[in-house]
Structure formats: C-alpha cells, structure tokens
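Let me begin by presenting the structure, written as structure tokens, before commenting on it.
Each value in this text was obtained by applying a stated rule to the coordinates, not by laboratory testing. Note that the structure is predicted; figures quoted are calculated from it, not measured.
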C-alpha cells in the first residue's frame, strides 16, 4: 500500500494526500449540482531530500509530453484504506518551496485526469 507512478514506488512517500474537492459544472433544473467524473489528487511533502525531488521531476519530464500514466492512490470512496491503480492519469509540474538544510520544503505533486 504505497503511492506509485508508472508502477514505480515514490521513494519518499507523501506526508499528506487528498482527493481535491470538485466544483460544480452547473446545476440541474431542480438545483442539484452536476459534477465532472474526472478527479484530481494532491500529494504533499513537508520536507524532501534531493533524491525525492529529482524523482518527481523525472516522472514529470518523462511523461508530460508523451501523455498519460498509471498511478497507485488510495481508492476513492472505499470503506477501507486500500490502494487502487488508476490509468490514463496526467501529472502536473511539481511545486517546490524553499530550501532548508539541504532539503526542499512544501513539495506538492498533483495528479489529474483520474476517472473514478
């Protein structure tokens, strides 16, 4: 039960992970919100060393031009904490905070185009 991208385990597992809340695309005639079936997942690290930031950048650089990949994430809506492989996902460019004692702070990785 670990986070993976393209079947490769992320060497430094995220400190936090969450399914990003959806915004309504519109409303039905009776006022009920209509949502997309496509979701986004956000991973965060408080502190990451150079090997971890390099791995995230390598994932992004190898995939952003070629298309999609598979990711292992917590199964959306499951009654248990289990991981599921989602295919056809896209990676956003990782975001990095300030350096602290040879490490990077506030690292964010976003995975999009997830069909649940």
MRE, 222 nm, helices only [DSSP H, n ≥ 4, -39500 (n - 2.57), over the chain, to nearest 500]: -4000 deg cm²/dmol
Value in Å of the Kirkwood radius, where the stretch 57-103 supplies the Cα pairs that are averaged: 13.0
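Rounded to a whole number of µm²/s, how large is the Stokes-Einstein D of the stretch 39-79 at 37 °C and 0.692 mPa s, given Rh as the Kirkwood radius over C-alpha pairs? Could the numbers behind the result be given before it?
Working: Rh = 12.5 Å.
Answer from the Stokes-Einstein relation: 263 µm²/s.
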Helix axis angle, 50-63 relative to the chain longest principal axis, alpha carbon, degrees: 50
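Determine the relative contact order of the chain: mean sequence separation of Cα pairs under 8 Å and six or more apart, normalised by residue count, in whole percent.
Working: 232 pairs, mean separation 35.0, N = 116.
Over the chain, the number comes to 30 percent.
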